[in-house]
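Participant: First, the structure itself, so that you have it in front of you.
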Amino acid sequence: MPRHRGTYNPENHEAYELSRSRIENFVKCPACFYLTQVKGIKFPSIPGFNINEATDVLLKRDFDKYRGTKTTHDFLINLGMEHLVPFDHPDFELWTQSMHFGAKGRMHFVHEASNLKVGGGLDDVWFNTKTEQLHIVDYKSTSQKTEGMEITLQDKWKAAYKRQMDLYVWVMQKKGFNVSSTGYFLYCDGDRFSNYSFLKQQEATMKFKMSLLPYEVDFGWIEPTLMKIKDCLNQTSCPNHHEECEYGQFLVALNI
Ligand code: SF4
């Protein structure tokens, strides 16, 4: 049987590949998920977040200098966390590739009860020399609009970030790695308040305030959600529009 991805095919008995962003789509709106995965309707694309992507590339490049060594980055040493060292593994680069995650060696796991192959792309993994466990690390970028506000994980919309971490730790544990239940979010906050010159003679330099936020994962939602996804994929009709979705209410009003 060929790989089972893209539009869902109930005749294909290979595990159906779902990235964590598709799983997040289901959590947010089963109707959107169904229309995309079962009906093959492509939703309008949105432009990429290129500056966020650039901070990811630069952070990884900095941590790569210490990958597999016995020392770590000054940022972690300064926080008293010199026991966290960027982890090296023959498949590490494959784990960071979210596109085509289904291929061999990548960051995925087949959940047999739902026959879903779930995974994604990691930003980083750090090895804890004290506990000999791995920590999954996710880089995030923002620029806070209120001066002096500390970065936290409290905002309601950051539940998606937490689910991302839950899923990645779960997959890596299922792959057999000794992964800690504590993940880390490394936040870059583009500083728009401090008094510094942004524009130089030929270039501009933005400063970022950095925060490292630990997070204790919660696996409780994962398997029930995968089972609901399986049921949704095999439904013959589209679930109702989500009651809190303004677009959905609009379409219901139009009787679409
Ligand atoms: S309109 Fe709203 S509720 Fe309907 S499918 Fe799209 S996001 Fe979901």
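Rule-based calculations on the coordinates, nothing more; no lab input. Bear in mind that the values here come from a model prediction, so they are computed numbers and not experimental data. Note: ideal-geometry Cβ built from the backbone for every residue, glycine included; neighbour counts use all protein chains shown.
Participant: If we sort 126-134, 191-199, 231-239 on the protection proxy, mean other Cβ atoms within 10 Å, highest first, what's the order?
Facilitator: Highest to lowest by the protection proxy: 126-134, 231-239, 191-199.
Participant: Rounded, prolate or oblate: which fits segment 65-168, taking a ≥ b ≥ c as square roots of the Cα gyration tensor eigenvalues, rounded meaning a/c under 1.5, else prolate when a/b beats b/c?
Facilitator: Oblate, because a/c is 1.5 or more while a/b does not exceed b/c.
Participant: Viscosity 1.567 mPa s, temperature 4 °C: what is the translational diffusion coefficient of the chain from Stokes-Einstein with a Kirkwood Rh over Cα pairs, rounded to a whole number of µm²/s?
Facilitator: For the chosen part, D equals 64 µm²/s.
Participant: How much of the DSSP beta bridge set in the chain is antiparallel, as a percent to the nearest 5?
Facilitator: 65
Participant: Collect residues whose amide H, placed 1.01 Å from N in the peptide plane, falls under 5 Å from the amide H of residue 122; neighbours closer than 5 in sequence don't count.
Facilitator: 96, 97
Participant: For the ranges 141-153, 158-170, what's the packing order if you count other beta-carbon atoms within 10 Å of each residue, average per peptide, and put the highest first? Numbers along the way, then the final one.
Facilitator: Details: 141-153: 12.0, 158-170: 19.8.
Averaged packing, sorted descending, gives the order 158-170, 141-153.
Participant: How long are the semi-axes of the equivalent ellipsoid of segment 188-256, defined as square roots of 5 times the Cα gyration tensor eigenvalues? Whole Å, largest first. Show your work: numbers first, answer last.
Facilitator: Working: eigenvalues 409, 109, 26 Å².
The answer is 45, 23, 11 Å, longest axis first.
Participant: Name the helices (complete DSSP H segments) of the chain with a Cα length along the long axis of 18 Å or more and a Kyte-Doolittle mean of at least -1.0, or state none.
Facilitator: Membrane-span-like by this criterion, though nothing is claimed about a membrane: 50-64, 159-174.
Participant: List the lysines whose Cα lies under 25 Å from the Cα of residue 60, skipping any in the same chain that are fewer than 8 positions away.
Facilitator: Candidates past the 8-residue exclusion: 70, 104, 130, 140, 158, 162, 174, 175, 207, 209.
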